[in-house]
Each structure stands twice: as structure tokens, then as C-alpha cells.
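Structure first, then comments.
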Amino acid sequence: MATAQDFSLGSVETALSPQERFEEFLQARGKRVTRQRRMIVDYVASRHEHFDAEQLLGDLRRTAAGAQASRPTVYRTLAEMVEAGLLKKMVLDGRAVYEHDYGYPQHDHLYCTNCRRLIEFSSDEVARICDAVAAQHQFRARSHRLIVSGICSDCRSSKSKSRLQDRV
């Protein structure tokens, strides 16, 4: 009897917390560790959802500590977090979306073009294919990013229901 494959993400051990890693990154570049930068990193590190800069800004402004968060500081800090290896930036339908990178294993995504939902998965088969293609071209791969675009089951079932209602 066949069993369902496990596409869930595992975990990765890290020597530093995201906050410590970011402070080390800033100090190495002669940049100040400001209260606002620290607050942004703390907020982002405490959640795991994919987000864009405007969502983050809105979320921060709803908190007492982040009520004074400025748009330029949020955008600049996100760029620094990407450069520091804490976040990855993906551009989907012209929208920059961020996700955690530091402390998270290699993984890929299913992207619903209707509701913009991102579903994470990890597949040994995808990794093997990437390794095989790299080897065939004598290429040393460090990482990969696969984003499969389509329509999620929730959106497909919503469309099916609306089509049935249209026929009545």
C-alpha cells in the first residue's frame, strides 16, 4: 500500500539568533543597530508567514512599539535583512514578497495566482533533479528556487461552485 509523501519542512540549527546575526551584519558594515531596526527584526523573526513590505508596515503600526515605524526604515531594513541572509525576496506578479531564510531548510513553493497564497514544500525528488542537471553541466549548485504557479484547491472549488450557481 502506498503512503503519502511527506513534503513538510524540517528545521535547521543556527549558532546565532536572527537578531544576533543581524546585529553582527550591521556592525561589520559600520551601521548602527537602531531601536527601529531591532524592532523590525524582532517582529519579523517572531512570525513565519510570507509578507510584503506594506503588510509588515501595517502590522507594525498596529503595535505600540511599531506605531512610529517609517516606510523608508521598513524598506531599508528589509533590504538589509535580505543582504544579511535572514530573508529571501521573491517577486510574484510584480509584488515583492519576503520569507525567512536563516534557520530554514531549502524548500520550494506552490503559488496560487488567484488568491496569492504560497504553499511551502520540500521534496527530495526536486533536489535530486537539480543535482543531476547541475552535474550534467559540471555546475556546482549552491541552492535553487522553484515556484510552481497555478490555482489552489480552495480557489478551484470556489470557481466550481460559482459556475454551478450561474447555471441555475
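Do we have any residue at all in region 81-99 that's over 19 Å from the mean Cα position of the chain (by Cα), among the acidic types (D, E) and outside any loop (DSSP other than H, G, I, E, B)? No, region 81-99 contains no residue that is over 19 Å from the mean Cα position of the chain (by Cα), among the acidic types (D, E) and outside any loop (DSSP other than H, G, I, E, B). On the basis of being of a type in the set (S, T, N, Q) and touching an Asp or Glu at 6+ places or on another chain (Cβ under 8 Å), does Q19 make the cut? So Q19 passes the test. Among the conditions (1) loosely packed, with under 13 Cβ neighbours inside 10 Å; (2) assigned by TED's automatic domain parsing to the domain that holds T77, R140 misses just one, which is (2). The one condition from (1) under 25 Å from T14 (Cα atoms); (2) modelled with pLDDT of 95 or more; (3) surrounded by 15 or more Cβ atoms within 10 Å (Cβ to Cβ) that C112 does not meet is (1).
Selection of region 87-108 for residues being farther than 14 Å from H50 by Cβ and not aromatic (F, W, Y) yields G94, G103, P105, Q106. Going through (1) in contact with a Leu (Cβ under 9 Å, 6 or more places away or on another chain); (2) assigned by TED's automatic domain parsing to the domain that holds S158 one by one, C115 falls short only on (1).
Residues in region 104-121 that are over 12 Å from the mean Cα position of the chain (by Cα) and under 23 Å from S46 (Cβ atoms): R116 only.
Conditions (1) more than 24 Å from R35 (Cα to Cα); (2) touching a helix residue (DSSP H, G or I) at 6+ places or on another chain (Cβ under 6 Å), marked per residue:
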{"site": "G66", "(1), (2)": "no, yes"}
{"site": "H100", "(1), (2)": "no, no"}
{"site": "Y111", "(1), (2)": "yes, no"}
{"site": "S122", "(1), (2)": "yes, no"}
{"site": "R140", "(1), (2)": "yes, no"}
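Consider I151 carefully, then state whether it is surrounded by 11 or more Cβ atoms within 10 Å (Cβ to Cβ), farther than 30 Å from G30 by Cβ and either under 14 Å from the mean Cα position of the chain (by Cα) or modelled with pLDDT under 95 (or both). Answer is no for this residue. Here the condition is being over 24 Å from H107 (Cβ atoms), of a type in the set (A, V, I, L, M) and at pLDDT 95 or above; of L56, L26, L60, it holds for L26 alone. If you scan region 75-100, which residues turn out to be free of Cβ contacts under 8 Å to residues at least 40 places away in the same chain and surrounded by 18 or more Cβ atoms within 10 Å (Cβ to Cβ)? Once the filter is applied, which keeps residues that are free of Cβ contacts under 8 Å to residues at least 40 places away in the same chain and surrounded by 18 or more Cβ atoms within 10 Å (Cβ to Cβ), region 75-100 yields only L78. Suppose the filter is of a type in the set (D, E, K, R) and surrounded by 17 or more Cβ atoms within 10 Å (Cβ to Cβ); does E125 pass it? So E125 fails the test.
The values are calculated or read from the model by the stated rules, or taken from the named source; none is laboratory data. Since we're looking at a predicted model, the values are computed, not measured. Cβ: placed from backbone, ideal geometry, glycine included. Neighbour counts: every protein chain shown.
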